[in-house]
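First the structure, in the form of structure tokens, and then the observations on it.
Every read-out reported here was derived from the displayed coordinates using simple, explicitly stated rules and does not represent laboratory data. None of the values given here were measured: they were computed from a predicted structure. Reconstructed Cβ throughout: ideal geometry from the backbone, glycine too, with neighbour counts over all protein chains shown.
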Amino acid sequence: MSYSKAVKETFQKEFSGEKGLYDYNKLNKERLIGFRKEKESVVRLEKPTNLPRARTLGYKAKKGIFVVRVRARKGSGTKTRPNRARRPKRMGIAKLTRRKSIQAIAETRASKKHPNCEVLNSYWIGEDGKHKYFEVILVDVNAPEIKSDKDLKWLTEKQHKGRSERGLTSAGKKSRGMKYKKKSTHKVRPSRRSNQRQN
């Protein structure tokens, strides 16, 4: 069995809480406790926690590319309760979700923390009762190592500036409904707002 396949299987066992040769549930729990104790919500890492997943999404162990772990809240977020002129049915507090996924929110936070870098991609790494944790791959577009890399130099072009803020990452495109092409998705292109203005 290859190294990457072994790591993938180990993570799957940890996430499912399987008990075998090791207590995988305990290992996962200890990792999440360590994540929760960190004071900052965006933490730079020396190397990815799930290396095969990071490599699949374009990570390389070289200068100009690094990974940060982002902590984001679970659920639909807080909404102020109206104090008058509503019947209870119309209060609108619970079950109100954002138009962005929590993963896309995490990518935007990582991008704001490192303004000289662009988001390449991100992946889920775990969750507890209050938070979800994602690892975001960031690329320094001014690094000469990135400019000379045939796989990553496209990020240095000006049209890719602010990818996460404009919903151009994989998670952002999914939130905008750009991952699907069928009859019912004709109103999301080029964007919902643009399509509404045209009609």
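Values as computed for the structure displayed
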item	result
Chain lengthening between residue 173 and residue 8 when straightened (0.36 nm per residue, less Cα-Cα)	56.8 nm
Region 134-199 versus region 3-67: alpha-carbon centroid distance in Å	25 Å
Taking only Cα atoms of region 41-123, radius of gyration then Dmax in Å	18.0, 59
Amide H contacts of residue 126 (H built 1.01 Å from N, under 5 Å, at least 5 apart or other chain)	133
Shape call, the chain: gyration tensor on alpha carbons, a/c limit 1.5	oblate
Among 106-119, 29-42, the order from most to least packed when residues are scored by Cβ within 10 Å on average	106-119, 29-42
Simple spin-label estimate for residue 61 and residue 84 in nanometres, 7 Å along Cα-Cβ	6.5 nm
Helix-only CD estimate at 222 nm, as mean residue ellipticity for the chain, using -39500 (n - 2.57) per DSSP H run (n ≥ 4)	-9000 deg cm²/dmol
Hydrodynamic radius by Kirkwood, which averages 1/r over all alpha carbon pairs of region 22-68, in angstrom	12.5 Å
FRET efficiency for residue 180 and residue 74, using Cβ-Cβ distance with R0 set to 22 Å, rounded to 0.05	0.30
Kirkwood estimate for region 94-199, i.e. one over the average of 1/r between Cα atoms, Å	15.5 Å
For region 189-194, 3J(HN,Hα) per residue [Karplus equation, 6.51 cos²θ - 1.76 cosθ + 1.60, θ = phi - 60°, Hz, x = Gly/Pro]	10, x, 7, 4, 5, 5
Candidates 156, 78, 169, ranked by Gaussian network fluctuation over the chain, Cα under 10 Å, top entry	78
